[in-house]
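Scroll down for the structure; my scribbles are underneath it.
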Amino acid sequence: MNTAKINNNLEKYPELTVTAVLVGYLIGALLAVSIGYASLILGFSIEGSELAAILGFGILRGLLGRKSIIENNINQTVASAVNGASAGMMFSVPAIFILGFSEKDFSLPIMVLGCIAGGIMGIAFIIPLRKQMIDFERLAFPGGIAVATILKSPGAGIKKAYLLLGGALVSALVHAIVLYNGYTNFPLGEKIGLPWYMNVTFYISLLTIGVAFLAGKGGFFFIIGGYTCYFILAPILNLRGKLANLSSASDLQHHLFRPIGIGMLIGGALMGIVLALPLIIGAIRSMYQASKSGKRVAQDELPIGFLGVGIIGAFVVLLYMSLYSAQNMTLGRGVLVAILGTIWIWVAGVILSECIGRTNWSPLSGMTLIGVTLAVMLTSGLGNKESIIASIMVGAAMCVAMSQATDLMLDLKTGYLVGAIPRKQQIAQFLGSALGPIIVITLIVVLHKAYTLGSPRLPAPQGQALASMIEGILNEGIPKDKYIAGAGIGALLSATGIGGLGILVGLGFYLPFNIVLTYTIGTVLRIWSDKKMGKNWSDNVGVPIAAGAIVGEALIGVGFAIYHVIKAL
Amino acid sequence: MKTKIGIIMVTISFLGSSYVAVESEKLEWGKWITLITVGIIGIYLIKRSSKEEILKVLEEDFSLEDLKKVLKKATKEAENIHSVDPKNYPKLIEENLSPLLSEFASHRELIKAELGIKKFGEIFSHFAAGERYANRAWSAAVDEYYEEAKRALQLSLSELKETLTLLETVN
């Protein structure tokens with residue numbers, strides 16, 4: 001009897017273990033500090049799942065002698081959840097300090113609690129979307145495939161391991177040279193005499209090519225969005241003399257195409273939700289029925305009741321934050337902020353998950369901007385100080401919710417590919433999401449006291465961008481017409497029934513064209529390899545190389561972040 | 001024909017309304033609404049097209065019967081693999097089962113077009129669970145947790161059988 005019990009225990013496949021969670025905390029804390037600090041200097045955040053998987057490999061398999069692919073998957077889920085707070089908070093929180101306020105003007109504990117609660121809400125909102133995006137629509141989530149390729153490497157055979165390593169080495173080398181020289185773009189158009197408005201400049205990044213290769217045909221309409229802007233609309237605008245006031249490609253993107261892109265993302269997502277409603281309702285219903293059936297598969301999902309807890313929790317937390325961050329906030333106004341904020345977390349979660357699932361690019365800053373804009377508009381009668389603080393506090397919670405939702409979706413794709421239990425990953429994400437905001441807010445306050453956020457020593461470009469946007473909203477208003485027109489176009493495209501069309505084309509309008517151009521190389525390579533070399537070759541040779549390209553560049557990016565931390569000591 | 005005309009109308013609508021949206025600071029709503037209306041009519045035409053026409057545009061050369069055959073073959077493979085030593089699972093799953101599951105999944109638009117979105121959701125709920133459990137069997141076998149590998153493959157098999165039953169009951 002005892003022997004049978006022991007054997008059974010020995011046989012238990014380790015997945016959500018204390019060891020995996022603790023290792024995840026350790027790696028996640030390291031990533032959050034390094035990447036968070038680097039983003040205050042460089043202005044962008046880096047996804048750390050790849051490094052977490054590799055470090056987890058070394059610690060769990062190498063040092064601790066544990067052999068479980070799905071346990072390492074939990075480790076990287078926890079680590080990336082801790083780091084997820086960094087992506088969400090580094091964009092929003094520094095804006096308060098840059099606008100001249102200090103930690104005495106708002107409550108730090110409420111900010112931290114709000115961000116923790118935001119993360120939990122984002123995760124809860126994702127529960128029914130997992131089925132729709134991963135099980136039904138089978139979105140590619142290229143970053144998720146890259147992490148799964150790392151996790152599966154012990155059993156994938158030596159050839160695939162070499163291909164992964166080869167891709168990683170070449171990509172790492174290219175990215176190291178790019179960072180060393182600061183030569184991040186190749187202006188081909190300028191060299192061959194193309195007009196400036198066509199903006200033919202390639203972003204030098206093998207990661208971008210790898211991502212596009214993994215996304216395959218899924219990214220095709222994203223490219224179409226970019227080419228429509230710079231190869232069709234810009235030349236016509238130039239012919240009709242409409243570009244006289246603009247002098248650079250960056251002006252074109254910021255003043256003309258980006259606002260339309262933001263509108264398209266929102267309109268496309270809303271129409272997508274309407275069209276997918278029968279599927280989402282079906283998913284919720286089947287999860288509810290399965291939970292009553294008692295089948296093993298039913299135990300794979302968190303109870304659907306968590307979604308209700310998430311919605312009510314989101315409302316309560318946002319209401320509390322808006323009421324307590326501004327003295328003159330009325331209950332009615334607070335309720336409105338909370339309702340719109342809750343709806344926006346869900347809509348933005350869908351937009352970001354679709355974007356990252358189909359292309360690996362996430363318009364987190366644009367979605368946070370919309371959330372903060374809504375809050376600023378609703379609180380505009382309170383006076384600038386109160387309005388700014390309330391909006392950024394609520395905006396930070398929304399931003400963390402969105403970044404946790406997309407991070408979890410990526411991890412769930414990885415989990416699907418290695419055969420993990422979604423419920424265990426969701427619990428791991430809950431555990432990870434609680435630690436991140438504490439680390440990140442401490443980092444922000446310490447760094448602000450030491451170097452002052454917004455100073456040349458610590459420019460915090462994302463925070464500065466949000467701060468100037470908030471000032472712009474308060475003083476000049478927002479390009480409402482462009483957003484509405486874009487939303488109509490996005491909704492029209494999504495209504496065709498082609499999965500995510502409005503969102504994808506909108507993302508092409510929203511992102512800089514240099515990314516779209518480089519992305520095109522990966523898409524063309526994938527279409528060519530599927531046709532000429534066969535799908536088998538693409539899967540067994542192309543995919544490991546592309547995953548390696550993502551891993552190599554990401555590792556150098558994180559290494560660069562750690563270098564900055566050490567240099568600053 | 002209706003589908004192609006619809007697609008052309010949506011394309012014109014998209015390009016035209018995008019141009020109007022970026023052309024000047026003050027948006028000309030009259031022009032924009034006219035162009036969006038063209039697109040709405042285009043979508044109406046696409047939605048009114050016959051199933052055959054939509055599948056032709058999607059370049060779908062499979063039928064539901066073909067899909068059932070692929071799934072039957074996958075189920076048979078899963079059964080065969082389940083009966084061998086779990087040490088051999090990774091190679092067999094990778095070479096014999098996964099390609100069939102990928103092939104089935106790659107024709108999911110056909111199921112949507114033929115059976116509607118609700119039925120598609122039911123079918124893919126089971127199919128995705130089956131595929132995920134096959135992946136788990138692969139991982140567990142690589143990590144030498146053979147009992148778990150067997151259990152996972154058994155669960156995969158039962159989900160794939162459920163998918164097949166759902167597909168077979170629709171005709």
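The values are calculated or read from the model by the stated rules, or taken from the named source; none is laboratory data. Here the structure is a predicted model, which is why all the values come from computation and not from measurement. FYI the Cβ positions are ideal-geometry reconstructions off the backbone, even for glycines, and counts take in every protein chain you see. Quick note on the areas: whole protein, heavy atoms, side chains included, nothing else; ligands and nucleic acids left out. Shrake-Rupley method; radii C 1.70, N 1.55, O 1.52, S 1.80 Å.
General observations
- Unmet criterion (only one of (1) more than 19 Å from A:Met90 (Cα to Cα); (2) assigned to a loop (DSSP other than H, G, I, E, B)) for A:Ser362: (1)
- In the set (1) within 11 Å of another protein chain (Cβ to nearest Cβ); (2) at pLDDT 95 or above, the condition left unmet by B:Glu109 is number (2).
- Verdict on A:Lys152 being open to solvent by 10 Å² or more (accessible area, probe 1.4 Å), at pLDDT 85 or above and basic (Lys, Arg): yes
- Contact map, segment B:9-25: residues that are more than 7 Å from chain A (Cβ to nearest Cβ) paired with residues that are assigned to a helix (DSSP H, G or I) and of a type in the set (Asp, Glu), Cβ distance under 9 Å, separation 6+ or inter-chain. Pairs shown: B:Glu25/A:Asp481.
- Meets criteria (in contact with a Leu (Cβ under 6 Å, 6 or more places away or on another chain) and at the interface with chain A (Cβ under 8 Å from one of its Cβ atoms)) for B:Ala128: no
- One residue from A:Ala428, A:Ala460 being of a type in the set (Gly, Ala, Ser) and touching a Pro at 6+ places or on another chain (Cβ under 6 Å): A:Ala460
Residues checked against (1) over 30 Å from A:Tyr519 (Cβ atoms); (2) modelled with pLDDT of 85 or more:
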| position | (1), (2) |
| --- | --- |
| A:Leu318 | yes, no |
| A:Asn328 | yes, no |
| A:Gly332 | yes, yes |
| A:Trp346 | no, no |
| A:Asn360 | no, no |
| A:Gly366 | no, no |
| A:Leu374 | yes, no |
| A:Leu382 | yes, no |
| A:Gly395 | no, yes |
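- Filtering segment A:256-283 to residues that are closer than 22 Å to A:Ile127 by Cβ and of a type outside the set (A, V, I, L, M) leaves A:Gly272, A:Pro278, A:Gly282.
- Looking only at segment A:199-234, residues that are out of contact with any Ser or Thr (no Cβ under 9 Å at 6 or more places or on another chain) and without any contact (Cβ under 8 Å) to a residue 60 or more places away in the chain come to 2 in all.
- Hey, A:Ser80 within 30 Å of A:Ile41 (Cα to Cα) and open to solvent by less than 10 Å² (accessible area, probe 1.4 Å) or not: yes
- Here A:Gly415 clears all of (1) more than 16 Å from the chain's Cα centre (by Cα); (2) away from chain B (no Cβ under 14 Å); (3) crowded, with 24+ Cβ neighbours inside 10 Å except the condition numbered (2).
- Of note, B:Leu101 satisfies the criterion of being at pLDDT 95 or above and more than 10 Å from chain A (Cβ to nearest Cβ).
- As a summary of the residue check, A:Phe221 satisfies the conditions (1) open to solvent by less than 60 Å² (accessible area, probe 1.4 Å); (2) part of a helix (DSSP H, G or I); (3) not hydroxyl-bearing (Ser, Thr, Tyr) except for the one numbered (1).
- The condition of being more than 14 Å from chain B (Cβ to nearest Cβ), on the phi > 0 side of the Ramachandran plot and not hydrophobic (A, V, I, L, M, F, W, C) holds for A:Gly100.
- Condition met for A:Met287 (farther than 27 Å from A:Gly488 by Cα, modelled with pLDDT of 80 or more and surrounded by 18 or more Cβ atoms within 10 Å (Cβ to Cβ)): no
- In segment B:159-171, the residues that are touching a residue at least 12 places away in the same chain (Cβ under 8 Å) and either part of a helix (DSSP H, G or I) or over 22 Å from B:Ala105 (Cβ atoms) (or both): B:Glu159, B:Leu160, B:Lys161, B:Glu162, B:Thr163, B:Leu164, B:Leu166, B:Leu167, B:Glu168
- Number of positions in segment A:540-557 that are of a type in the set (Val, Ile, Thr) and over 19 Å from B:Glu94 (Cβ atoms): 3
- Test: residue in segment B:59-82 that is more than 10 Å from chain A (Cβ to nearest Cβ) and either of a type in the set (Ser, Thr, Tyr) or under 25 Å from A:Asp411 (Cα atoms) (or both): yes
- Taken together, the criteria exclude A:Ser433 from residues that are away from chain B (no Cβ under 14 Å) and surrounded by fewer than 18 Cβ atoms within 10 Å (Cβ to Cβ).
- Tally, over segment A:241-279, of residues that are more than 16 Å from A:Phe513 (Cβ to Cβ), free of Cβ contacts under 8 Å to residues at least 40 places away in the same chain and not polar (S, T, N, Q): 6
- Within segment A:479-497, the set of residues being open to solvent by less than 50 Å² (accessible area, probe 1.4 Å) and among the aliphatic types (A, V, I, L, M) comprises A:Ala485, A:Ala487, A:Ile489, A:Ala491, A:Leu492, A:Leu493, A:Ala495.
- Only residues that are in a helix (DSSP H, G or I) and out of contact with any Asp or Glu (no Cβ under 9 Å at 6 or more places or on another chain) were counted across segment A:179-203, and they come to 9.
- Comparison of A:Leu139, A:Leu99, A:Leu165 shows that the only residue that is in contact with a Lys or Arg (Cβ under 7 Å, 6 or more places away or on another chain) and either of a type in the set (Val, Ile, Thr) or surrounded by fewer than 24 Cβ atoms within 10 Å (Cβ to Cβ) (or both) is A:Leu139.
- Residue in segment B:149-156 that is within 7 Å of another protein chain (Cβ to nearest Cβ) and crowded, with 24+ Cβ neighbours inside 10 Å present: yes
- Residues that are free of Cβ contacts under 8 Å to residues at least 24 places away in the same chain and within 14 Å of chain B (Cβ to nearest Cβ), drawn from segment A:516-537: A:Lys531, A:Gly534, A:Lys535, A:Asn536, A:Trp537
- Selected residue (only one of A:Ile116, A:Ile134, A:Ile120, A:Ile110 is over 23 Å from the mean Cα position of the chain (by Cα) and surrounded by fewer than 24 Cβ atoms within 10 Å (Cβ to Cβ)): A:Ile110
- Taken over segment A:457-478, the criterion of being polar (S, T, N, Q) and either within 14 Å of chain B (Cβ to nearest Cβ) or surrounded by fewer than 16 Cβ atoms within 10 Å (Cβ to Cβ) (or both) is satisfied by A:Ser468, A:Asn475.
- For segment A:91-104, taking the residues that are hydrophobic (A, V, I, L, M, F, W, C) and at pLDDT 85 or above, the one that is nearest to A:Lys449 (Cα to Cα) is identified as A:Phe97.
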